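Participant: Below is one structure. I have some questions about it.
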Amino acid sequence: MAQHAPPARGVRLGRAAGARTGSGSTESTINGVALLLPGASRFSPGPMRPLARALARAGGAEGLVTHMVVHGGDSAREEQAGWAADETVRRYGDVPVCLVGYDAGGLAALRAAGHGAVNSVVVIAPCLTEAGPADSPEPVKQLSGRQVLIVHGTDDARSDPEASFRLAARAKKANRSTCRFEVHSDGHGLREHQQEVVALAVDFVLGAVFTGRYSRPVTDALAAPPPLGLRMPLASGFGKSLRR
């Protein structure tokens, strides 16, 4: 596995949450890691903080450790995400890693998905660089062999939801394990349906990292041909009565 050079000073993994990692715990306790890649502005965190807490609660018993990636310096965010995956391997060994990114962190998660330890990617309201047909689209080859979930609000005025749909459509051609959910009438921060977005992401992470099983809506989205599985509406109240 290629190792990423240490990024600029200031980039680190935040405090571990979920499965026990302190004194007295063993390496075998850790069965998977979720790396959370926040957005560009700390004043607009989106759903990342409640998602971190929910993942720690729901996945801790199964051996999931969650780290927020604390960005810093001038290196590209995808390089920092790659370094975080390297650091995860150094700390915990050969365990599956899920990259969970919001806003600029979503783009970093997509670009860093080719890391050998990464088995899944959750991308929330990604800020994509695609601005028009003349621009080179974001690559999707690195998503091959990964479980991929994209979530986007239909009223997002900061990052174009249609850009994430086009990316998902290209990714689906190379990787059938790709789905995308639309959060109707919600914006970039996904404040109106934060509980549903968090529940969806938790369901996907646990299924991708551990069981290979998902709730019925996610299973249907993964199985449906485009565009159905890439424009799956996130139902109000999702997560209150999940059946995995």
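Participant: Please go through (1) in contact (Cβ under 8 Å) with a residue 60 or more places away in the chain; (2) more than 18 Å from Asn119 (Cα to Cα); (3) touching a Phe, Trp or Tyr at 6+ places or on another chain (Cβ under 9 Å) for Ser215 and return the number of the only condition it doesn't satisfy.
Facilitator: For Ser215, the failing item is (1).
Participant: Would you be able to say whether some residue in the stretch 141-160 is without any contact (Cβ under 8 Å) to a residue 12 or more places away in the chain, more than 14 Å from the chain's Cα centre (by Cα) and part of a loop (DSSP other than H, G, I, E, B)?
Facilitator: no
Participant: Looking at the stretch 57-70, is at least one residue touching a Pro at 6+ places or on another chain (Cβ under 8 Å) and closer than 26 Å to Gln194 by Cβ?
Facilitator: Yes: one or more hits.
Participant: Now a separate question. Residues of the stretch 59-85 being open to solvent by 10 Å² or more (accessible area, probe 1.4 Å), in a helix (DSSP H, G or I) and closer than 18 Å to Val121 by Cα, which ones?
Facilitator: Of everything in the stretch 59-85, those that are open to solvent by 10 Å² or more (accessible area, probe 1.4 Å), in a helix (DSSP H, G or I) and closer than 18 Å to Val121 by Cα turn out to be Arg77, Glu78, Glu79, Trp83.
Participant: Can we say Leu99 is touching a Cys at 6+ places or on another chain (Cβ under 8 Å) and buried (at least 16 other Cβ atoms within 10 Å of the Cβ)?
Facilitator: Against the criterion (touching a Cys at 6+ places or on another chain (Cβ under 8 Å) and buried (at least 16 other Cβ atoms within 10 Å of the Cβ)), Leu99 does not qualify.
Participant: Quick check on the stretch 217-240. Is at least one of its residues open to solvent by less than 20 Å² (accessible area, probe 1.4 Å), β-branched (Val, Ile, Thr) and touching a Pro at 6+ places or on another chain (Cβ under 6 Å)?
Facilitator: Taking every residue of the stretch 217-240 in turn, none turns out to be open to solvent by less than 20 Å² (accessible area, probe 1.4 Å), β-branched (Val, Ile, Thr) and touching a Pro at 6+ places or on another chain (Cβ under 6 Å).
Participant: Another question about this same structure. Looking at the structure I just gave you, is Gly18 under 20 Å from Asn119 (Cβ atoms), small (Gly, Ala, Ser) and modelled with pLDDT of 90 or more?
Facilitator: yes
Participant: Report whether or not Gly145 is modelled with pLDDT of 95 or more and surrounded by 24 or more Cβ atoms within 10 Å (Cβ to Cβ).
Facilitator: When the stated conditions are applied, Gly145 does not pass them.
Participant: Right, next: Report whether or not Arg244 is farther than 18 Å from Pro161 by Cβ, modelled with pLDDT of 95 or more and of a type in the set (Lys, Arg).
Facilitator: no
Participant: Related question: Quick one: Arg90 ticks every box in (1) open to solvent by 10 Å² or more (accessible area, probe 1.4 Å); (2) part of a loop (DSSP other than H, G, I, E, B) bar one, so which box is it?
Facilitator: (2)
Participant: What are the residues in the stretch 42-78 that are under 19 Å from Gly106 (Cα atoms) and free of Cβ contacts under 8 Å to residues at least 40 places away in the same chain, if any?
Facilitator: Arg42, Phe43, Arg49, Ala52, Arg53, Ala76, Glu78
Participant: Filter the stretch 162-194 for residues that are within 19 Å of Ala208 (Cβ to Cβ), open to solvent by less than 20 Å² (accessible area, probe 1.4 Å) and part of a loop (DSSP other than H, G, I, E, B) and give the result.
Facilitator: Listed by number, the list holds a single entry, Asn175.
Participant: Output yes when any residue across the stretch 208-215 is under 18 Å from Gly101 (Cβ atoms), open to solvent by less than 20 Å² (accessible area, probe 1.4 Å) and not aliphatic (A, V, I, L, M), and no when none is.
Facilitator: Within the stretch 208-215, none of the residues are under 18 Å from Gly101 (Cβ atoms), open to solvent by less than 20 Å² (accessible area, probe 1.4 Å) and not aliphatic (A, V, I, L, M).
Participant: Is there a residue in the stretch 207-229 that is modelled with pLDDT of 95 or more, acidic (Asp, Glu) and assigned to a helix (DSSP H, G or I)?
Facilitator: Yes, the conditions are met somewhere in the stretch 207-229.
The values are calculated or read from the model by the stated rules, or taken from the named source; none is laboratory data. On a predicted model such as this, the values are computed, not experimentally measured, just so you know. All Cβ positions, glycine included, derive from the backbone under ideal geometry; neighbour counts span all protein chains shown. The area values use the complete protein model at the heavy-atom level, side chains included, leaving out ligands, DNA and RNA. Shrake-Rupley method; radii C 1.70, N 1.55, O 1.52, S 1.80 Å.
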